[in-house]
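Single-structure report; data block below.
No value in this document is a laboratory result; all are computed from the given coordinates. Treat the numbers as computed from the prediction; the structure is a model and nothing was measured. Cβ: placed from backbone, ideal geometry, glycine included. Neighbour counts: every protein chain shown.
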Amino acid sequence: MEGVLSVILILIVLEVILSADNALILGVLVQKLPAPLRRKALFYGILGAYVLRGLALLFAALVIKLWWVQALGAAYLLHIALKHFLKPEEGHAPPPMEVSAAQFWKVVAQVELMDLAFAVDSVLVAVALSDKLWVIYTGVFLGILALRMLASLVVTLLDLYPRFKHLAYVVVGLAGVKLALGAWDKVAKEVLHRPELALGLDKEAFSLFILAVLLLGSLWATRKPATA
């Protein structure tokens, strides 16, 4: 039993580390909404994440081949990151006071797309650690809950510290790069059948790099500006 508990704990920690950028991305996405709707969007997001991760784990052999999902997610993340820095007048606009139902569900759909894109790597890590399905589900699902709590914290930081938004979009861009490189490795190995073309991305190391950027950048973003 102790071994099972240790595997669950490791899965929770890895889920948080490997998808810390996911939590930040969710915070950035829902910040487009008025404050009363953000929590609702994250609630629907967590329901969708449980369903998507559950199905992804159940059909793991199929999901890990969905390189195009990662490519689509990468393209979207790189798009919104570049849009923030190249068109600051649009990227820095305050959220509207009201949004239509269509706009709200559009944000929820974007959240679910990101959940699916990051689920591919999550499944690979989970099935590598255990062959017991209930152990995998427990660790991954608790990790998702922790991520949603982090996403709520991200929204608060984005509201309190304006500079945190710049850091957020840097991490969004890096997450897009991570998904793009992962998708390319899958294409090289499974579509082109040219494994020598794969870059051999170490996802864990890259995720730790993103986490370090986030932690160090947070110190800068939340530091009070020097007064004359």
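Starting from residues that are aliphatic (A, V, I, L, M) and in a helix (DSSP H, G or I), keep the ones in segment 196-210 and report whichever is surrounded by the most Cβ atoms within 10 Å (Cβ to Cβ).
I210
Return the residue satisfying two criteria in turn: it lies in segment 151-169 and is among the hydrophobic types (A, V, I, L, M, F, W, C) and buried (at least 17 other Cβ atoms within 10 Å of the Cβ), and of such residues it is nearest to the chain's Cα centre (by Cα).
Among those that are among the hydrophobic types (A, V, I, L, M, F, W, C) and buried (at least 17 other Cβ atoms within 10 Å of the Cβ), it is A151.
Residues checked against (1) part of a helix (DSSP H, G or I); (2) more than 18 Å from G48 (Cβ to Cβ); (3) touching a residue at least 40 places away in the same chain (Cβ under 8 Å):
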{"site": "E112", "(1), (2), (3)": "yes, no, yes"}
{"site": "A117", "(1), (2), (3)": "yes, no, yes"}
{"site": "L142", "(1), (2), (3)": "yes, no, yes"}
{"site": "M149", "(1), (2), (3)": "yes, no, no"}
{"site": "T156", "(1), (2), (3)": "yes, yes, no"}
{"site": "A168", "(1), (2), (3)": "yes, yes, yes"}
{"site": "V187", "(1), (2), (3)": "yes, yes, yes"}
